[in-house]
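The values are calculated or read from the model by the stated rules, or taken from the named source; none is laboratory data. Worth saying up front: this structure is predicted, and the values here are computed from it rather than measured. Note that we place each Cβ from the backbone using ideal geometry, even for glycine, and neighbour counts take in every protein chain shown. Side chains are part of the model used for accessible areas, which takes the heavy atoms of the whole protein and leaves out ligands, DNA and RNA. Shrake-Rupley method; radii C 1.70, N 1.55, O 1.52, S 1.80 Å.
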Amino acid sequence: MIQKNFWLRTLNVRPEEGWLVKRLFLLQFFQGAGIAFFFTAAFALFLSRFHIIELPYVFIISSFLLWAAGIIYGRIEHKFDIGKLSIIITVFMAVSMVVFRLAFEFIKTEWFLYWMLAWYNVLYLLNNLEFWAQAALLFDVRQSKRLFGVISAGDIPAKFIGYSLALVAVSFIGTINLILVGAICMMASIPFLLSIQRSGKLLEVHHKKEHEPGHAKDNFKKILKNFSGNYLIRSLSILSIIITGSFIIINFAFYAGVKEAYHDDVSLARFIAFFLAIVRIFALVIKMIFTGRLMNNLGITKSLLITPVVLLILVATIILTQDLPSYQKLLLYLFGATYMLVDILRSAINSPVFLTIMQPLSNHERLRAHTILKGIMDPFASLAFGGMLLILIYFQHEVNLLTLSYIVLIICICWIIGIYRVNKYYLKTIVKTISSQFFNLDNFSITDSGTVDWLKEKAKNGTETEVINTLNMLYNSNNEMSDDLLIAALQHPSQKVKIVTLKLLQQKKFPSAANFLLPFLQHNDSPLLVAESIKIMCNNEVDNQIILPYLHHENAEIRKAALAGLFFNGSEESKSITAAMLMKMLSSEIVDDRLMLAEILSARESCSEVDMIRQLMNDNNSLVRKAAYLAAGKSGNNMLLKELINRLDREEIAVLEPLYVAGDFSLPFILDYINSEKATSLLKEKLILLVGRKGSEKAQEILLSLLGSHPEEYLVVVKA
């Protein structure tokens, strides 16, 4: 039990989520292993029968199969709830594997192996669609940020184990029978699907949209509109094509070398299984240990640059070493290292960073972005680069790896340019999103250093509205970034921005207040900014000697801020000085002095200065009394609240709001007043509605009791 709790804490999984995360992990594990077995068999059989120049045809066939699979999935998902659909898809994947195994015995035509290898991509797509559709419904946004990395990690060890077992088993059962092992693994995932479905945790989502003529056309138009109108989605789509294309070419080049070294299907299967097992274990280590740290420390742009820069160095090495005597043998190793690194970095860094980039998009735009990238752009890249390879082979009559190296070199340059374009539109989308009234902090988080630094710069010189909205939204995330942003915003030329910034700084502890605010205080001639700075410094226990001179400042707001700050938060000496000044103000004949005192007391929650408040409640000036009533409400003191409610018939407007501010403390007094004979019908109605505004459990209990004790107020109570 202790060990189980240790792993849950390590993976940041809460105890009540453990069983669900475990089932999803195992679901992804068995399906990933099944797909790994299928790929090993299909690819080894293909390479053993055909020359590598035939592989581009597989890329082209894959593109059409992926488009067809995406369209069919989009249609049937409207007809089944997600639990049943996942089981249908899983059974279909397992059955399709068995069909390919049986068909292998009877279909002897060459085209069969083209389609079998292309089918691997369909299996991978269907697995992703059904798995992430469930995960999206099982977890809310906050859970998804913690758990998606854990549950998706099942795919990597699954493929590592799948490829490792294939390496051992292929010599005993034969290459083609690996497909049957894959089908068994796929079927082994069904109990976990059924367990999730029976738990009731899976929301049964039915698509209620009718399939009217033109509905698919409308969806296609929306996707095109997102692609053409949203610059971030468009730049991501183009970058996705470049990345997928580079992977296709490197994949092709590497296996061209492998084909020359291994000839029979068993040796090919063993090499592919061994090589891909090594790739997966490296990918797992990098994803679990380094990905998060890299994103936070390097930022979006630098994280995305890792892969093309590494690729650029490796390809440059391939080109520069072409005159070496053992170049052909070295070429295989260099392309092998390139393939390995690109595959690892693609799954461990590029994919997580892409998900982060799409966070600022609205939910609908994010879903469409995924649809465009996975359902349209990846198949398009397979078609385009498969066609390009065929054209290249047609003119060169061979697989020229050096030519492919130059093409990859050009792609790397385009890749790097694309990253900077994506980052440009990502930053613009962040500002647009956090400036929107529909922004929700749960939708995405901003933690990478590059974006944070850019936001700090934006806080210094952005437009007034942009900066204020950004501060208000991002300040809700309780981390060091918020303080840094606020400090940066104090350098903004707008006084309004500075005031908003200072008010936000008052809402939390700011230990370094003196370091940043003392120069700001000394070189500022705005009374409002000085007053707000004093409040922050007093709240953070700065040296009282800095604040004491402001007790006699000519500006009333500055004096009030210094008096309140030192009286409630100062040292014993400062409290003694300010207490004497407040007592003088209490007995002063100047109305402004007494009003300032009442405002100081009313600004404090749970103020314990009962005698001062009570005396001010009896002041002959209505403004002083009104401020004192508010102080009485905030104090929660029974004696003051009782005296407050007794003035309801004389100063109704001035008393109602303090009674509301008092929260549940005033409820017994309100109930007594409603039950008293002096309460008029109109006043009863107002008090009942005020109880309804409080919305607490005690308020609900009082309203329920009033239904029985005051049937004549039935409609008002129901309204409340």
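With the structure loaded, tell me whether residue 499 is at pLDDT 75 or above, within 17 Å of residue 459 (Cβ to Cβ) and aliphatic (A, V, I, L, M) or whether it fails that test.
Yes.
To keep it simple, each residue is scored yes or no on (1) among the charged types (D, E, K, R); (2) free of Cβ contacts under 8 Å to residues at least 24 places away in the same chain; (3) open to solvent by less than 30 Å² (accessible area, probe 1.4 Å).
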| residue | (1), (2), (3) |
| --- | --- |
| 584 | yes, yes, no |
| 590 | no, yes, no |
| 598 | no, no, yes |
| 604 | yes, no, no |
| 614 | yes, no, no |
| 620 | no, yes, no |
| 624 | no, no, yes |
Next item on the list: For region 552-568, indicate whether the set of residues that are under 17 Å from residue 607 (Cα atoms) and polar (S, T, N, Q) is non-empty.
Entry: no
Checklist line | Within region 629-720, helices (runs of 4 or more DSSP H) holding 2 or more residues that are open to solvent by 50 Å² or more (accessible area, probe 1.4 Å), more than 29 Å from residue 598 (Cα to Cα) and not aliphatic (A, V, I, L, M) | finding: 681-694, 697-709, 714-719
Margin query: Condition check: small (Gly, Ala, Ser), part of a helix (DSSP H, G or I), within 29 Å of the chain's Cα centre (by Cα) and over 12 Å from residue 130 (Cβ atoms). Does residue 33 satisfy that?
Written below: yes
Next item on the list: Identify the residue in region 409-453 that is aromatic (Phe, Trp, Tyr) and either at pLDDT 70 or above or open to solvent by 70 Å² or more (accessible area, probe 1.4 Å) (or both) and, among all such residues, is nearest to residue 349 (Cα to Cα).
Entry: 415
Notebook entry, point to check: Does any residue of region 361-369 turn out to be open to solvent by 30 Å² or more (accessible area, probe 1.4 Å) and at pLDDT 80 or above?
Noted result: no
Checklist line | helices (runs of 4 or more DSSP H) fully within region 154-249 counting 2 or more residues that are at pLDDT below 85 | finding: 155-173, 190-199, 215-229
Checklist line | Residue list for region 96-120, filter: part of a helix (DSSP H, G or I) and free of Cβ contacts under 8 Å to residues at least 40 places away in the same chain | finding: 96, 99, 102, 103, 105, 106, 111, 112
Next item on the list: Could you list, in sequence order, all residues of region 534-560 that are under 23 Å from residue 592 (Cα atoms) and under 37 Å from the mean Cα position of the chain (by Cα)?
Entry: 534, 535
Notebook entry, point to check: If you check every pair at least six apart or on different chains, which have Cβ atoms under 6 Å apart with a residue in region 299-323 that is assigned to a helix (DSSP H, G or I) first and a residue that is buried (at least 17 other Cβ atoms within 10 Å of the Cβ) and of a type in the set (D, E, K, R) second?
Noted result: 299/448; 300/448
Note to self: Between a residue in region 697-712 that is of a type in the set (Gly, Ala, Ser) and any residue that is in a helix (DSSP H, G or I), which pairs come within a Cβ distance under 6 Å, given they are 6 or more apart or on different chains?
What the structure shows: 699/691
Checklist line | Residue among 314, 332 that alone is at pLDDT 75 or above, farther than 23 Å from residue 383 by Cα and not basic (Lys, Arg) | finding: 314
Next item on the list: Output the number of the condition that residue 518 fails; it satisfies all remaining conditions of (1) modelled with pLDDT of 70 or more; (2) closer than 17 Å to residue 538 by Cβ; (3) surrounded by 17 or more Cβ atoms within 10 Å (Cβ to Cβ).
Entry: (3)
Notebook entry, point to check: In region 72-103, how many residues are at pLDDT 80 or above, β-branched (Val, Ile, Thr) and open to solvent by 30 Å² or more (accessible area, probe 1.4 Å)?
Noted result: 7
